[in-house]
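Structure, as structure tokens:
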Amino acid sequence: MSVTVQTDVFDAGAALSAFSLGLPDAGGVVSFTGIARNDGDKTEMLELEAYPGFTEPWIEALVKEARARFDLIGAMVIHRVGPILPGEAIVFVATAAAHRRQAFEGADFLMDHLKSRAPFWKKEHGPGGARWIEPRQADYQDLTRWTAEQTPR
Amino acid sequence: MACVLLFGALRDLAGWREQIFDGVSDLDHLHSDIARLYPDLAEAISGPGVQVAVNKALVRGNIILSAGAEVAFLPPMSGG
């Protein structure tokens, strides 16, 4: 299990390769890379802020919960802070499990919680100035998928 | 004394990131000091979705502040 909060640009492909090594019990690996969007020239830069010493343990606790809930063999989270340019990776999540469904759901669960619950603050800089971004209603809605009663598959 | 930390939009509103408040005994006391010095900030930190962490642990309601406590006001969060 690995959680990293960093200012440096990272290569999501390299992160996935590193994660996939040494997981002989894994039947599947799933990854998600979130990329800063240009949004039709509206976004010139994103600025991400964390609370050092608070944000990392929060994500570690989330990963621990995901591991237990989805029976994950491994999980990795990388989250950028500081200035982020359009096209750069902002977040990376990878999960490994014995079977694909657990790996998919584990990654989905991690991303839904990182999006609207993790202690980060995001400012969008564009031609019209800067504004703080709050989660969309849809982001909060996504969270309820993990608390609502599970429907049979 | 308590060290107050502001994040996100709260920091821009107040115009500072970190400030020491002397002689505050608990969160209510801190809040009244903030209200006296920075009424706009006091209103914002009472708003919906603002969470409070004392010594990097989320808290609810009024709690006693030990000497040198770190009090962070956390507006609605948004990652990745």
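Check each residue of region A:108-126 and keep those whose accessible area, probe 1.4 Å, is at least 40 Å² smaller with all protein chains in place than in the chain alone; give them in order of residue number.
By number: A:K115, A:W121.
Can you list the residues in region B:52-80 whose accessible area drops by at least 50 Å² when all protein chains are present, compared with the chain alone? Use a 1.4 Å probe, heavy atoms only.
Relative to the lone chain, where solvent access is computed with a 1.4 Å probe, region B:52-80 loses at least 50 Å² at B:K56, B:P76, B:M77, B:S78, B:G79, B:G80.
Evaluate E = 1/(1 + (r/R0)^6) for B:Q19 and A:R37, where r is the Cβ-Cβ distance and R0 equals 41 Å; express this FRET efficiency to the nearest 0.05. Walk me through the numbers before you get to the answer.
Numbers: r = 35 Å, r/R0 = 0.86.
E(calc), rounded to 0.05, equals 0.70.
Sort out for me the Cα centre separation of region B:1-26 from region A:58-93, rounded to whole Å.
Each part reduced to its Cα centre gives a spacing of 29 Å.
Need one word for chain A: rounded, prolate or oblate. Basis is the Cα gyration tensor (sqrt eigenvalues a ≥ b ≥ c); a/c below 1.5 gives rounded, then a/b vs b/c decides. If you can, show how the numbers build up before the last one.
Working: a/c = 1.94, a/b = 1.49, b/c = 1.31.
Because a/c hits 1.5 or more and a/b exceeds b/c, chain A counts as prolate.
What accessible area per residue, rounded to a whole number of Å², is obtained for the protein assembly as shown using a probe radius of 1.4 Å? Please list the in-between numbers first.
Working: 11870 Å² over 233 residues.
Each residue of the protein assembly as shown exposes 51 Å² on average to a 1.4 Å probe.
Between B:D12 and A:S2, with labels modelled 7 Å along Cα→Cβ, what's the label distance in nm to one decimal, could you check?
That separation, rounded to one decimal, is 3.4 nm.
Report, as an integer, the average count of C-beta atoms from other chains found within 10 Å of each Cβ along A:46-55. If you can, show how the numbers build up before the last one.
Numbers: counts 0, 0, 3, 4, 3, 8, 1, 4, 10, 3.
Mean shielding by partner chains, rounded to a whole number: 4.
Rounded to the nearest 500 deg cm²/dmol, what is the calculated helix-only ellipticity per residue at 222 nm for chain B, with -39500 (n - 2.57) per DSSP H run of length n ≥ 4?
Working: 3 runs with 25 residues, N = 80.
Helix contribution divided over all residues of chain B: -8500 deg cm²/dmol.
Estimate the FRET efficiency between A:E88 and B:I63 by the formula 1/(1 + (r/R0)^6), using the beta-carbon distance for r and 41 Å for R0, to the nearest 0.05.
Details: r = 40 Å, r/R0 = 0.97.
Approximately 0.55, to the nearest 0.05.
When the accessible area of the protein assembly as shown is computed with all protein chains present and a 1.4 Å probe, what percentage of it is carbon and sulfur? Please list the in-between numbers first.
Numbers: 6140 of 11870 Å².
Ligands and nucleic acids excluded, carbon and sulfur give 52 percent.
The values are calculated or read from the model by the stated rules, or taken from the named source; none is laboratory data. Since we're looking at a predicted model, the values are computed, not measured. Ideal geometry is used to build each Cβ from the backbone, glycine not excepted, and the neighbour counts take in all protein chains shown. Heavy atoms of the whole protein, side chains included, go into the accessibility calculation; ligands, DNA and RNA do not. Shrake-Rupley method; radii C 1.70, N 1.55, O 1.52, S 1.80 Å.
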